[in-house]
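Novice: Before I ask anything, here is the structure I am working with.
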Amino acid sequence: MALAGCGHLRENEAQVKVEDAYAEASGVKLPLPTTMPATYTLDRFWSVANVYDEEGNAQSIARSAEFSGPAGKVRVCTEVIEIPGDLCPKSNVGITRDDEEKGLRQTVYIDSPTPDTDVEAVWGDVKYSASPTDWSWLA
């Protein structure tokens, strides 16, 4: 179940698509950075895995977003901890956060990390929110 059209999302187009997709999505809401790390852009986001209720309605148990930037593709993924299967890729840069209260695990994975990129400073120190109204970069 795609939550936003594939491809690059820019300015008002991105805001409308992301807000509409979040309004319609059920299940895990994907926290994204409230401020975008410098020179990164959101490419797409999607439901990684769904479970279905008795009526056949999908409810996401893992969601992911992909960003482009100077360190290459960055994937931020959130999944339900108690469901086995490791639906999100394990972080290859050491950024994993568990929210025990909500039962969610968030990971950051970079396709081609470079030794000169301070990943923790760029992606580890950002604040995340699952509410599009908190994302200043979306405005």
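The values are calculated or read from the model by the stated rules, or taken from the named source; none is laboratory data. As the structure is a computational prediction, the values presented were derived from the model and not from experiment. Quick reminder, even Gly has a Cβ in these numbers, built from the backbone with ideal geometry, and neighbours come from all protein chains shown. Note: accessible area is taken over every heavy atom of the protein model, side chains too, but ligands, DNA and RNA are not part of it. Shrake-Rupley method; radii C 1.70, N 1.55, O 1.52, S 1.80 Å.
Novice: Suppose we filter the stretch 74-123 for residues that are within 18 Å of PRO33 (Cα to Cα), touching a residue at least 24 places away in the same chain (Cβ under 8 Å) and surrounded by fewer than 14 Cβ atoms within 10 Å (Cβ to Cβ); how many remain?
Specialist: Residues flagged as within 18 Å of PRO33 (Cα to Cα), touching a residue at least 24 places away in the same chain (Cβ under 8 Å) and surrounded by fewer than 14 Cβ atoms within 10 Å (Cβ to Cβ) within the stretch 74-123 amount to 2.
Novice: Search the stretch 124-139 for residues being among the aromatic types (Phe, Trp, Tyr) and open to solvent by 40 Å² or more (accessible area, probe 1.4 Å), and hand back the single one that is nearest to the chain's Cα centre (by Cα).
Specialist: Taking the candidates together, the pick is TYR128.
Novice: Just need a number here: residues in the stretch 30-47 that are within 10 Å of the chain's Cα centre (by Cα) and either among the aliphatic types (A, V, I, L, M) or assigned to a strand (DSSP E or B) (or both).
Specialist: 8
Novice: Can I ask one more? So which residues in the stretch 9-43 are more than 17 Å from TYR128 (Cα to Cα) and either open to solvent by less than 40 Å² (accessible area, probe 1.4 Å) or at pLDDT 85 or above (or both)?
Specialist: Correct list: LEU9, ALA14, ALA21, ALA25, GLY27, ASP43.
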